[in-house]
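Shown next, in structure tokens, is the structure this report addresses.
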Amino acid sequence: MCGFAGFIAANPIEDEVSARRLLVAMRDRGAHRGPDDSGVWMDREAGVAFGFRRLSIMDLSPAGHQPMHSACGRFVIIFNGEIYNADDLRAEVEAARGPHHWRGHSDTEILLEAVAQWGFEATLPRLNGMFAIALWDRAERVLWLARDRIGKKPLHYGWLGRHFAFASELKSLRVHPDFNAAVSPEALGGFLRLGYVLGERTIHPGIFKLPAGHLLRLDARAAAQRELPAPAAYWSLRDIAIAGLEAQAAGRAASVEELETLLRDAVARRMVADVPVGSFLSGGIDSSLITALMAAGSPGRVR
């Protein structure tokens, strides 16, 4: 669990000291998400500011520090989550561009170099993982936000005065001096009925959740005019469900053996880490199955 916060201003940053102070305050409201490391990066002319708090899982060295720049210098990323097929992506990047000097072995660096190789939109479908991503394209002057297919990692955004701000948690946005702490009646009504805030809304007006399986693109022109871009889906659970039903109807139902292979692979990928890994065993069917598969694939006793 890591956390980030940042903003892009409608105009170039004039007072870097004040902007940095605000960025650090927003970032550190999420300090509990990342106690191991922290970082900031700002581009005064572009009006962009990134702040990150790190919980080190892959590559505990400074080579995993964020915000992180691509080797070519074009892209800057802050990334919360884990890419489970990072080693596969690394091999694909090397096959596409030839030998590459890697600074470390973090999944963040591999993700960043994949974006440098194929572009942001083309990289997202290749990812097997849970993630919230903010990426700045210095050449095109475009901010990209994205969230994993099921929405495991949170990402909130909205305009706060002259800043398009985004963060892992609402509390980071509340630090901003232009934050509107009013409660949305529509969101409150949904919360009282369902126990959670439905859809893209948050409890505060003007602040939104990026939907699961969606990305958002904000370019310099839209930022200058304080536009709120609409999220775009890069993956659809509905389409996947329909495809599964059509496969069953055509007699191509998956076998028990195929299901077991997928489950073993999923558990094995989540056990790759540079820190100890354990299982939360509640005694239900799902946690018992996961723990059993961990035990089957682990050389030692499962914690």
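Based on the mean of other beta carbon atoms within 10 Å per residue, what is the order of 213-224, 175-186, most packed first?
With the highest mean Cβ count within 10 Å placed first, the list reads 213-224, 175-186.
Suppose a student asked you for the relative contact order of the chain, using Cα pairs under 8 Å spaced at least 6 residues apart; what percent would you report?
16
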Under-5 Å amide H pairs with residue 48, H placed in peptide plane, nonlocal only
9, 43
Potential lengthening between residue 277 and residue 170 on full extension [0.36 nm per residue; Cα-Cα distance subtracted]:
35.6 nm
Restricting to aspartates and glutamates and to Cα separations under 13 Å from residue 171, and discarding same-chain partners fewer than 8 apart, the set is 28
Tell me the carbon and sulfur percent of the accessible area for the chain, rounded to whole percent, probe radius 1.4 Å.
55
Where nothing but the Cβ of Lys and Arg (+1) and of Asp and Glu (-1) is charged, how large is the charge dipole of the chain around its Cα centre, in debye to the nearest 20?
740
Please list, by residue number, every one of the GluC sites (Glu not before Pro) in the stretch 34-105 that is coil in DSSP and has at most 11 other beta-carbon atoms within 10 Å.
45
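Once you have the alpha carbon radius of gyration of the chain, what is it after dividing by 2.2 N^0.38 Å, with N set to its residue count?
That ratio works out to 1.06.
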Which aspartates and glutamates have a Cα less than 13 Å from the Cα of residue 153, not counting those fewer than 8 places away in the same chain?
82, 169
Estimate the FRET efficiency between residue 246 and residue 102 by the formula 1/(1 + (r/R0)^6), using the beta-carbon distance for r and 41 Å for R0, to the nearest 0.05.
0.50
Full-extension gain between residue 16 and residue 178, please, as 0.36 nm times their residue separation minus the C-alpha to C-alpha distance.
56.5 nm
With the crude spin-label approximation of a point 7 Å out along Cα→Cβ, what separation in nm comes out for residue 61 versus residue 36?
1.4
Keeping every protein chain present and rolling a 1.4 Å probe, give me the accessible area per residue for the chain in Å².
50
Non-local residues with an amide H under 5 Å from the amide H of residue 160, with H modelled 1.01 Å from N and Pro and chain starts lacking one, are 165
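The values are calculated or read from the model by the stated rules, or taken from the named source; none is laboratory data. All values derive from a computational prediction rather than experimental measurement. Cβ atoms come from the backbone with ideal geometry, glycine included; neighbour counts cover every protein chain shown. SASA here: full protein model, heavy atoms, side chains in, ligands and nucleic acids out. Shrake-Rupley method; radii C 1.70, N 1.55, O 1.52, S 1.80 Å.
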